[in-house]
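Data block below; observations after.
The values are calculated or read from the model by the stated rules, or taken from the named source; none is laboratory data. Being a predicted model, the structure only gives us computed values, none of them experimental. Here the Cβ is made from the backbone with ideal geometry for all residues, glycine too, and neighbour counts use every protein chain on show. For the accessible areas, the whole protein counts, side chains as well, though only heavy atoms, and no ligand, DNA or RNA atoms are used. Shrake-Rupley method; radii C 1.70, N 1.55, O 1.52, S 1.80 Å.
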Amino acid sequence: MRDTAEFEAWALRATPKLFRQARLLVGDWHLAEDLVQDTIAKMYVHWARVDRDLSPDGYALRTLFHLFVSRRRLRSSGEIATDLIPETFDGATIDVETRHDLARALATLKPLERAVVVARYLDDRPVASVAALLDRSEGWVRTTSSRALARLRVNPLLAPLAALT
């Protein structure tokens, strides 16, 4: 009974951050909700084994990223364009069209590339943290982020953003 109450308290606190991550990864509100729901369900099943002294949030985020990559491998349909990104970068206000362009540009990346870009640059995680999150080496993370950023730099959708830097 105590574990269930503890899990519910954690889930209520962790869900908004998980949803923000999922929304950035999948680009669709409803798919993000499904991804978070599956992540919370997996966390519930394994809650007895989760070390609460360490970060259950990290375990949940890792589960979310793994579910995202697994789903992307299984899906045969294309991406669904989105019209919103829940937050802006650098505290700067960007218009809705720029948000659309950023979401569409992120959708052109492969799932693992997108996961690396979201974790490193939108969630501001260090290379070591992203490597642990995705079960990859730090070198792989650096190489993948470099390649993904190179693809984003030449993406015509992001040309207006390049003018801001």
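Within the shell of other residues whose beta carbon sits under 10 angstrom from the beta carbon of residue 151, the net charge comes to +2, with Lys and Arg scored +1 and Asp and Glu -1.
When 121, 44 are compared by accessible area at a 1.4 angstrom probe, the order from most to least is 44, 121.
Compute the FRET efficiency between residue 104 and residue 54 as 1/(1 + (r/R0)^6), taking r as their Cβ-Cβ distance and R0 = 45 Å, and round to the nearest 0.05. With a Förster radius of 45 Å, E is 0.75.
Using a Debye calculation, one point per C-alpha and no hydration shell, please list log10 I(q)/I(0) for segment 1-59 at q = 0.19, 0.22, 0.29 Å⁻¹ in order. The Cα Debye sum returns log10 ratios of -0.67, -0.85, -1.24.
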